[in-house]
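The values are calculated or read from the model by the stated rules, or taken from the named source; none is laboratory data. Predicted, not measured: the structure shown is a model, and the values here were computed from it. Cβ: placed from backbone, ideal geometry, glycine included. Neighbour counts: every protein chain shown.
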Amino acid sequence: MEFVERRAHALQALAAEGVFDEDDHPLIGVLDRQAVRDRVRELQDAFDGPGRRLHTVAAKAATLVPVLGWFAEAGMGCEVASPGELAMALEAGFDPSRIVFDSPAKTRTELRRALELGADLNIDNVQELQRIDHLRQDVDRAPTRHAPGIGFRINPQTGAGSIEAMSTASHTSKFGVGLADPGTRDMLLEVYAARPWLNQLHVHSGSQGLALEQIAAGVAAVYELAEEINARLGYRQVDRIDIGGGLPVNFTSEETTPTFRGYRAVLEEAVPGLFDGRYAITTEFGRSLLAKAGTIVARVEYVKHIGGRQVVITHAGAQVATRTAFAPESWPLRVSLHTPGGKPKDVGSAQRGDGSEGAGQEMAGQGVSGLRSDVAGPCCFSGDLLTQDVELPTAEPGDLVAVHDTGAYYFSTPFAYNALPRPEVRGYEVGPADGGVRWEGVRRAQSVEQILAESGGVGGDVDGWAASLD
Ligand SMILES: *Cc1c(COP(=O)(O)O)cnc(C)c1O
């Protein structure tokens, strides 16, 4: 059974369960576990070859402990960039030797912890290196099977992509040391020569909006730097390269492009020496592992007609699709409209009528006689839209809207605007024979009591703390 069919089963199972009949649960995020497993396998197969591989999932793409646990189970590692993400990775079951610690603002406490754990560490700048020099002298390191990978994050300065805010390889990106800046190469050669424990180089040209060739050019620049350092030192001190993540996701159709295999081919072309076994390779993919596996489903509360548009008011808006609401050109999303029972609604009779075959495949803009529509969320600002001016069937209150490809960053990274609750998240598996859906609870929906407690209200234990300030 293919993903689209499994998703249709999941949607109808949610509806049958009555999830959307409850006013306090009009919105949910679901993740297809099989799709995640398939994607991990595809990555592992695509990057197979001689030498060690450490495939990590970028925690920020899904800061949900059970979901990170799926990746631990699949033999992956985890890339983290904050104390919270590190705690999640450890709780999810990743061995510290399979954790990679990034972040441009690591505190001394965070650095000490990473060193004690024996996690891999990508150093952002020279000031951070100086802190590590000091910390290394008095850290009791846990015995690990292999020395952790420690080295600099390099900004190859190979150019920005189409989304400025997501471009980490522009000339002035805040991440890493600028390889093309005067003096950087010599500084790095000196720094590595003086510290035999610097054994790694890192680059992450992300994320979304970059051509594969651009990402590969960054990897090539770092590979050449590794070769230069090793040649200068006369031995292979740098023996691992962390190529980051950043594989873009196609948000405009069901198709999964580009593939990991396609990316490997582009890398082989740009950096032929990378895969010959001399270097261990670490990866840090996030969006490309999860986006296509996830769907947000929200109830339609009202339908209005304003200025010739059908305006579909749902419970999914900027609180779950923050980037889409604020930068819709860069982060378009596909939506489909479903009956209260979860069956896809067709635009016109010219399309599939029975709602079973190809269920869930209806896409905004495909219809022949739909209504020009905006799909809006519950937040109190007018840009709170999931999609704008697309063709949709006639919507009614109680219908469901599915928001596709939202498995990475969307429902796992909520935005607390209007004190809207974090939605419930579930994983699902669909029985191949009977289409039965098995759920796995990932995160409960936030209650109004919890919102009060974390907003300085009752239950937040504010009184004792406030008294301590007197
Ligand atoms: C965000 C991030 C990633 C993951 O990026 P994707 O585009 O989701 O693959 C990997 N590495 C670092 C350092 C990041 O900041």
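Residues checked against (1) free of Cβ contacts under 8 Å to residues at least 40 places away in the same chain; (2) among the β-branched types (Val, Ile, Thr):
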| site | (1), (2) |
| --- | --- |
| 377 | no, no |
| 383 | no, no |
| 398 | no, no |
| 404 | no, no |
| 413 | no, yes |
| 418 | no, no |
| 426 | no, no |
| 434 | yes, no |
(request) Among the helices (runs of 4 or more DSSP H) lying completely within segment 53-141, list those that include at least 3 residues that are more than 13 Å from the ligand (Cβ to nearest atom), farther than 22 Å from residue 292 by Cβ and modelled with pLDDT of 95 or more. (result) 83-91, 108-117, 126-138
(message) I'd like to know if segment 168-176 contains one or more residues that are within 16 Å of the ligand (Cβ to nearest atom), over 25 Å from residue 266 (Cα atoms) and modelled with pLDDT under 95.
(response) yes
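Could you pull out the residue among 219, 238, 271, 300 that is closer than 28 Å to residue 333 by Cβ and either within 21 Å of the chain's Cα centre (by Cα) or not charged (D, E, K, R) (or both)? Break it down stepwise before answering.
Numbers: 219 fails: closer than 28 Å to residue 333 by Cβ; 238 fails: closer than 28 Å to residue 333 by Cβ; 271 fails: closer than 28 Å to residue 333 by Cβ.
From the options 219, 238, 271, 300, the qualifying one is 300.
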(request) Please verify whether segment 368-377 includes one or more residues that are within 19 Å of residue 324 (Cα to Cα), at pLDDT 95 or above, over 19 Å from the mean Cα position of the chain (by Cα) and assigned to a loop (DSSP other than H, G, I, E, B). (result) yes
(request) Could you identify the single residue in 297, 266, 271 that is of a type in the set (A, V, I, L, M), in contact with a Phe, Trp or Tyr (Cβ under 7 Å, 6 or more places away or on another chain) and more than 14 Å from the ligand (Cβ to nearest atom)? (result) 271
(message) Just to check your reading of the model, which residue among 179, 90 is closer than 30 Å to residue 323 by Cβ and surrounded by 21 or more Cβ atoms within 10 Å (Cβ to Cβ)?
(response) 179
(message) I'm checking my understanding of the structure. Among residues of segment 367-417 that are under 19 Å from residue 444 (Cα atoms) and among the polar types (S, T, N, Q), which one is surrounded by the most Cβ atoms within 10 Å (Cβ to Cβ)?
(response) 406
(message) I'd like to verify a number: residues in segment 84-102 that are out of contact with any strand residue (DSSP E or B) (no Cβ under 6 Å at 6 or more places or on another chain) and within 20 Å of residue 174 (Cβ to Cβ), how many?
(response) 1
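Right, residue 422: closer than 27 Å to residue 251 by Cβ and in a strand (DSSP E or B) or not?
no
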(request) Considering (1) within 22 Å of the chain's Cα centre (by Cα); (2) free of Cβ contacts under 8 Å to residues at least 60 places away in the same chain; (3) more than 18 Å from residue 8 (Cα to Cα); (4) away from the ligand (no atom under 15 Å from the Cβ), say which one residue 243 fails and leave the rest. (result) (4)
(request) Report yes if residue 237 is surrounded by fewer than 23 Cβ atoms within 10 Å (Cβ to Cβ), of a type outside the set (A, V, I, L, M) and within 16 Å of the ligand (Cβ to nearest atom), otherwise no. (result) no
(message) For segment 54-83, which positions are out of contact with any Asp or Glu (no Cβ under 7 Å at 6 or more places or on another chain), surrounded by fewer than 17 Cβ atoms within 10 Å (Cβ to Cβ) and either of a type in the set (D, E, K, R) or within 25 Å of residue 111 (Cβ to Cβ) (or both)?
(response) 73
(message) Please go through segment 179-217 and give me each residue that is hydroxyl-bearing (Ser, Thr, Tyr) and either under 18 Å from residue 283 (Cβ atoms) or modelled with pLDDT under 95 (or both), ordered by number.
(response) 205, 207
(request) Please state which one of 428, 417, 409 is at positive phi and either within 16 Å of the ligand (Cβ to nearest atom) or at pLDDT 90 or above (or both). (result) 409
(request) Inspect all residues belonging to segment 182-202 and state whether any of them is under 24 Å from the mean Cα position of the chain (by Cα) and surrounded by fewer than 16 Cβ atoms within 10 Å (Cβ to Cβ). (result) no
(message) So, in segment 152-167, exactly how many residues are within 27 Å of residue 193 (Cα to Cα) and either touching a strand residue (DSSP E or B) at 6+ places or on another chain (Cβ under 7 Å) or within 15 Å of the ligand (Cβ to nearest atom) (or both)?
(response) 6
(message) Here is a check on your reading of the model: is residue 463 modelled with pLDDT under 95 and either in a helix (DSSP H, G or I) or within 23 Å of the chain's Cα centre (by Cα) (or both)?
(response) yes
(message) When the residues of segment 440-470 are narrowed to those that are without any contact (Cβ under 8 Å) to a residue 24 or more places away in the chain and of a type in the set (A, V, I, L, M, F, W, C), which ends up nearest to residue 298 (Cα to Cα)?
(response) 452
(message) So the check is Cβ under 6 Å with 6+ separation or different chains; which pairs have a first residue in segment 160-179 that's at positive phi and a second one that's of a type outside the set (Phe, Trp, Tyr) and away from the ligand (no atom under 11 Å from the Cβ)?
(response) 176/154; 176/155
